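The structure appears below as structure tokens.
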């Protein structure tokens, strides 16, 4: 494994640990329901991490660097969108079915707005990470 892959792997582990720390802290203190904006940085960070993880996996198992930039962008954003949709299913099941924080028939507009906002933030985080990663990789050449 070359030096850049080792650095990327270590960064991904540290970044995920930070995200999980703040996620648990937010859950324990019930901040998702009391601090209206806390969800935004969590989804931005999650989208960025997922994009970087996808880049790492695609570089490790496929020759991702040989593809055109637009193809890479579509693949990364699609990967993040898919994971984001699964995460939104998880949030819906937790908030509506298990914890009953919202009653679906009373809150459909809010739930839809929150889901779309979360998916948007996932993709913005992914786009920022994509731009940052490929700018950095261009500087190393």
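Please treat every number below as a calculation from the coordinates, not as lab data. Quick caveat, the model's predicted, so the values are computed rather than measured. No Cβ is skipped: glycine too gets one built from the backbone with ideal geometry, and neighbour counts run over all protein chains shown.
Would you please give the FRET efficiency between residue 128 and residue 98, computed as 1/(1 + (r/R0)^6) with r the Cβ-Cβ distance and R0 = 35 Å, to the nearest 0.05?
0.65
Cα centroid distance between region 26-43 and region 116-141, in Å?
Answer, in whole Å: 23.
If you take the square roots of the eigenvalues of the alpha-carbon gyration tensor of the chain and sort them as a ≥ b ≥ c, do you get rounded (a/c under 1.5), prolate (a/b over b/c) or oblate?
Prolate, because a/c is 1.5 or more and a/b exceeds b/c.
Run the simple label-point estimate for residue 38 and residue 20 please: 7 Å along Cα→C-beta, distance reported in nm.
Each label point is offset 7 Å from its Cα along the Cβ direction, giving 2.0 nm.
By how many nm would the segment from residue 113 to residue 30 lengthen if fully extended, with 0.36 nm per residue of separation less the alpha-carbon distance?
Extending this stretch completely gives an extra 27.9 nm.
In degrees between 0 and 90, to the nearest 10, how far off the longest principal axis of the chain does helix 69-92 point, with axes built from Cα atoms?
The angle comes out near 30 degrees.
Show that you can apply the helix-only estimate: for the chain, add -39,500 (n - 2.57) for every DSSP H stretch of four or more residues, divide by all residues, and state [θ] at 222 nm to the nearest 500.
Estimated from H runs of four or more residues: -27000 deg cm²/dmol.
Angle between the Cα long axis of helix 3-28 and the longest principal axis of the chain, 0 to 90 degrees, nearest 10?
10
Let's test the formula: R0 of 25 Å, r as the Cβ-Cβ distance of residue 74 and residue 137. What FRET efficiency results, to the nearest 0.05?
So the FRET efficiency works out to roughly 0.90.
Which residue fluctuates the most in the chain, going by a Gaussian network model with Cα springs under 10 Å, if the choices are 61, 23, 110?
61
Figure the gain on full extension for residue 3 and residue 61 (residue separation times 0.36 nm, minus the Cα-Cα span) and round it to one decimal in nm.
19.2 nm
Once the Cα atoms of helix 108-139 and of the chain are each reduced to a long axis, what angle between those two axes, in degrees from 0 to 90 to the nearest 10, is obtained?
20
Can you give the relative contact order of the chain as a percent, counting alpha carbon pairs under 8 Å and 6+ residues apart?
So the answer I get is 35 percent.
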